[in-house]
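Trainee: Quick one: this structure, given as C-alpha cells, is what I'll be asking you about.
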Amino acid sequence: MKVIRKKILKEKDYGSYLKLEKQILLEMDHPFILKLHYSFQDPKSLYLMTDYEAGGSLWFQLTKR
C-alpha cells in the first residue's frame, strides 16, 4: 500500500502527478509494474492498494545502493 499525505501533495503541487500515476497503474499490464487494485482516501491521506513486493519501493532500493 502506498500512502500519500494530502498536505505534501498540496505543498509540492503533486496532485497531477499522482492522478497520472494512478491512471498508468490502472492501465498497465506488465510483469515489472505493480498492479493497482483500488484506491481510497481519508481526510489526511490518499491510499493506493497495489500488489505486495518484498524489498520495498524502487526508490528505496536505488538509494540503498
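Trainee: Please give, to one decimal in nm, the separation of the simple spin-label points placed at R5 and K64, each 7 Å out from Cα toward the Cβ.
Mentor: Between R5 and K64, the label points sit 2.4 nm apart.
Trainee: In degrees between 0 and 90, to the nearest 10, how far off the longest principal axis of the chain does helix 15-27 point, with axes built from Cα atoms?
Mentor: Taking the Cα atoms of the chain, the angle to 15-27 is about 40 degrees.
Trainee: Right, another one. Using only alpha carbons, build the gyration tensor for the chain and give me the equivalent ellipsoid semi-axes, biggest first, whole Å.
Mentor: Those come to 20, 16, 12 Å.
Trainee: Among M1, M28, which comes first, then next, by fewest other beta-carbon atoms within 10 Å?
Mentor: Listed from fewest to most nearby Cβ atoms, that is M1, M28.
Trainee: So, one more: I need S39, S45, S57 ordered by Cβ neighbour count within 10 Å, fewest first.
Mentor: Neighbour counts put them in this order, fewest first: S57, S45, S39.
Trainee: What number, in percent, do you get for the relative contact order of the chain if the mean sequence gap of Cα pairs under 8 Å and at least 6 apart is divided by its residue count?
Mentor: Details: 61 pairs, mean separation 23.8, N = 65.
So the answer I get is 37 percent.
No lab work stands behind these numbers, since they all come straight from the coordinates. Computed from a prediction, not measured in an experiment: that's the story for all the values here. For neighbour counting, all protein chains shown are included, and Cβ atoms are generated from backbone atoms with ideal geometry for every residue, glycine included.
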